[in-house]
Amino acid sequence: MIAYKATYNMTCRNITYEVGQTYTHEKELKLCSSGFHFCKVPDDTLNYYFYHKDYVLIEIEIIGDIIDDTDKSVTNKFKVLRVIPKEEYNSVFTRMKFNERGNIIYRK
């Protein structure tokens, strides 16, 4: 499954993610407290990460177990596929539009 993870400068909870790397969580998987959190819809990442200059959206492949909630999920294993460039945000996000500098100019 392809999903999305928001970060600030590719870092979340003291882990700096790298494209091509696989990450595994060995402890109990528990929504909101233990595991790697992600969203199935890119727009939902903005419910958890305020958009500013350090915001980075990464595309991930979910490899492990999943626990779902309404707008977020958690897994114990995923691979970072790529960083989504800001130039692609207008085609990735459906509830927002961005200008050429990556600033939000419209929010639905």
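May I ask you to rank 77, 72 by accessible area, largest first, using a 1.4 Å probe over the protein chains only?
Per-residue accessible area, sorted high to low, gives 77, 72.
Quick one: what Rg and Dmax do you get for the chain from the alpha carbons, in Å?
Over the chain's Cα set, Rg and Dmax evaluate to 13.6, 42 Å.
Helix-derived [θ] at 222 nm for the chain: sum -39500 (n - 2.57) over DSSP H runs of at least 4, divide by residue count, nearest 500?
Helix-only estimate at 222 nm: -500 deg cm²/dmol.
Going from most exposed to least, what order do 24, 75 have by accessible area with a 1.4 Å probe?
Largest to smallest exposure gives the sequence 24, 75.
What does the accessible area of residue 95 come to, in Å² to the nearest 10, when a probe of 1.4 Å is used?
That residue has around 90 Å² of solvent-accessible surface.
Which of the chymotrypsin sites (Phe, Trp or Tyr not before Pro) found in the chain are loop residues per DSSP with 16 or fewer other Cβ atoms within 10 Å of their Cβ? Could you put the intermediate results ahead of the total?
Details: sites: 4, 8, 17, 23, 36, 38, 48, 49, 50, 51, 55, 78, 89, 93, 98, 106; in loops: 17, 48, 49, 50, 51, 93.
Within the chain, the qualifying chymotrypsin sites (Phe, Trp or Tyr not before Pro) (loop, at most 16 other Cβ atoms within 10 Å) are 48, 50.
Filter the GluC sites (Glu not before Pro) in segment 9-88 down to the DSSP loop ones having no more than 13 other Cβ atoms within 10 Å, then list what survives.
Those satisfying the criteria are 18, 26, 28.
How many percent of the accessible area of the chain is carbon or sulfur, using a 1.4 Å probe?
48
Rolling a 1.4 angstrom probe over the protein heavy atoms, how many square angstrom per residue are accessible across the chain?
Roughly 60 Å² per residue, with all protein chains present.
The values are calculated or read from the model by the stated rules, or taken from the named source; none is laboratory data. All of these numbers come straight from a predicted model, not from anything done at the bench. Quick reminder, even Gly has a Cβ in these numbers, built from the backbone with ideal geometry, and neighbours come from all protein chains shown. Ligands, DNA and RNA are excluded from the accessible area calculation, which covers all protein heavy atoms including side chains. Shrake-Rupley method; radii C 1.70, N 1.55, O 1.52, S 1.80 Å.
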